[in-house]
Amino acid sequence: MSKRNTQQRRHTIVSLLTEQGQVSVDALSQRFETSEVTIRKDLAELEKNGLLLRRYGGAVPVPQEMVSEQAVKVSKKKQSIADAAAARIRDHNRIVVDSGTTTAALIPLLNKKRGLVVMTNSLQVANAIRELEHEPTLLMTGGTWDTHSESFQGQVAEQTLRAYDFDQLFVGADGIDVARGTTTFNEMTGLTRVMAEVAREVVVMIESEKIGRRIPNLELAWSSIDTLITDSSLDDDLKHAIEQTGTDVICADQ
């Protein structure tokens, strides 16, 4: 393929990313017959403009949760999922709340609970908890700040979690692979897996349109998930397929 000008090349990279779900520096370099250094510059500029996220050796799309996160109001679907999740929490439970906009929608509902202990790796979640009238005992994982997921990750966070045990984990996902489990754009999946290890019940909170979404990185296998809470738009066949894995599926009314 002949060389294209920079604008055309970058437009094509974004189109390929939408079609394929991920792109690699090596493949793009060959496709456009240009150097890997040039491709990395393209990816850096596209990331700066919010059009993708760079990952080792390539790039992936920007997760919807990260698009103008602060400006996005809680949708009816997210709220219904959060309501169903909150109904599972009893007074004095010890819970872990992972980062993400769907899990964050759960926090205002904790004001109705008493004596909770809440561990999180998310500053957004922690700040929301501090605004509650009946503020739970708040624990932070600490660790290495990951700018892409807006959360703490890494070995320090994992070691902190292993010092506790919890009744429940509430976690979101970028997508659901019906055959495998939850999937994510983030390559740092270790902390979520440790969260699941230290919780007696693992609850995944996710909107139905993300179920069946193709994303490269497996985060939690079905064997680690007890309950999936989604909205009532979930296709019956997909619901049945997930239930066949032994996971309880709750479709919350909107």
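The values are calculated or read from the model by the stated rules, or taken from the named source; none is laboratory data. Only a predicted model underlies this, so the values are computations on that prediction, with no experimental measurement involved. All Cβ positions, even for glycine, are placed from backbone atoms using ideal geometry, and neighbour counts span all protein chains on display. Ligands, DNA and RNA are excluded from the accessible area calculation, which covers all protein heavy atoms including side chains. Shrake-Rupley method; radii C 1.70, N 1.55, O 1.52, S 1.80 Å.
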Q.
When a/c reaches 1.5 or more, the comparison of a/b and b/c decides; with that in mind, is segment 69-193 rounded, prolate or oblate per its Cα gyration tensor?
A. rounded
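To the nearest 20 debye, what is the magnitude of the charge dipole of segment 106-254 about its Cα centre, counting +1 on the Cβ of each Lys and Arg and -1 on the Cβ of each Asp and Glu?
Details: 12 positive and 24 negative charges, 78 e Å.
Dipole of segment 106-254, to the nearest 20 debye: 380 debye.
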**Q.** Å² of accessible area per residue within the chain, as computed with a 1.4 Å probe and no ligands counted
**A.** 49
(Q) Pick from 201, 158, 47 the residue whose mean-square fluctuation is largest in a GNM of the chain, springs joining Cα atoms under 10 Å. (A) 47
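Using the beta-carbon distance between residue 133 and residue 45 and R0 = 51 Å, what value does 1/(1 + (r/R0)^6) give for FRET efficiency, to the nearest 0.05?
Working: r = 46 Å, r/R0 = 0.89.
E(calc), rounded to 0.05, equals 0.65.
Using alpha-carbon pairs under 8 Å, 6+ residues apart, how would you state the relative contact order of segment 116-237 in percent?
On the way: 222 pairs, mean separation 26.0, N = 122.
After rounding, I find 21 percent.
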**Q.** Antiparallel bridge percentage (DSSP; both residues within segment 68-162; nearest 5)
**A.** 35
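Counting only DSSP beta bridges with both residues in segment 87-245, what percent are antiparallel, rounded to the nearest 5?
Working: 11 of 31 bridges.
So the antiparallel bridges in segment 87-245 amount to around 35 percent.
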Q.
I'd like the distance between the alpha-carbon centres of segment 181-236 and segment 92-144, rounded to an integer number of Å.
A. 19
(Q) Can you give me the Rg/Rh ratio for the chain, using Cα atoms for both radii and the Kirkwood formula for Rh? (A) 1.01
Q. In whole Å, what are the Cα extents of segment 140-224 along the three principal axes, biggest one first?
A. 34, 29, 17
Q) Between their Cα atoms, which of 41/78; 48/113; 41/76; 77/112 are more than 31 Å away from each other? A) 41/78; 48/113; 41/76
Q: Work out the charge dipole of the chain with +1 on the Cβ of Lys and Arg and -1 on the Cβ of Asp and Glu about the Cα centre, then indicate which of 16, 238, 126 is farthest towards its positive end.
A: 16
**Q.** Probe 1.4 Å, all protein chains present, accessible-area order of 19, 45, largest first
**A.** 19, 45
**Q.** Positive-end residue of 104, 183, 52, charge dipole of the chain with Cβ unit charges
**A.** 52
Q. Using modelled amide H (1.01 Å from N, peptide plane; none on Pro or chain starts), what sits under 5 Å from the amide H of residue 201, excluding residues fewer than 5 places away?
A. 168, 169
**Q.** Of all accessible heavy-atom area on the chain, the percent that carbon and sulfur account for (1.4 Å)
**A.** 45
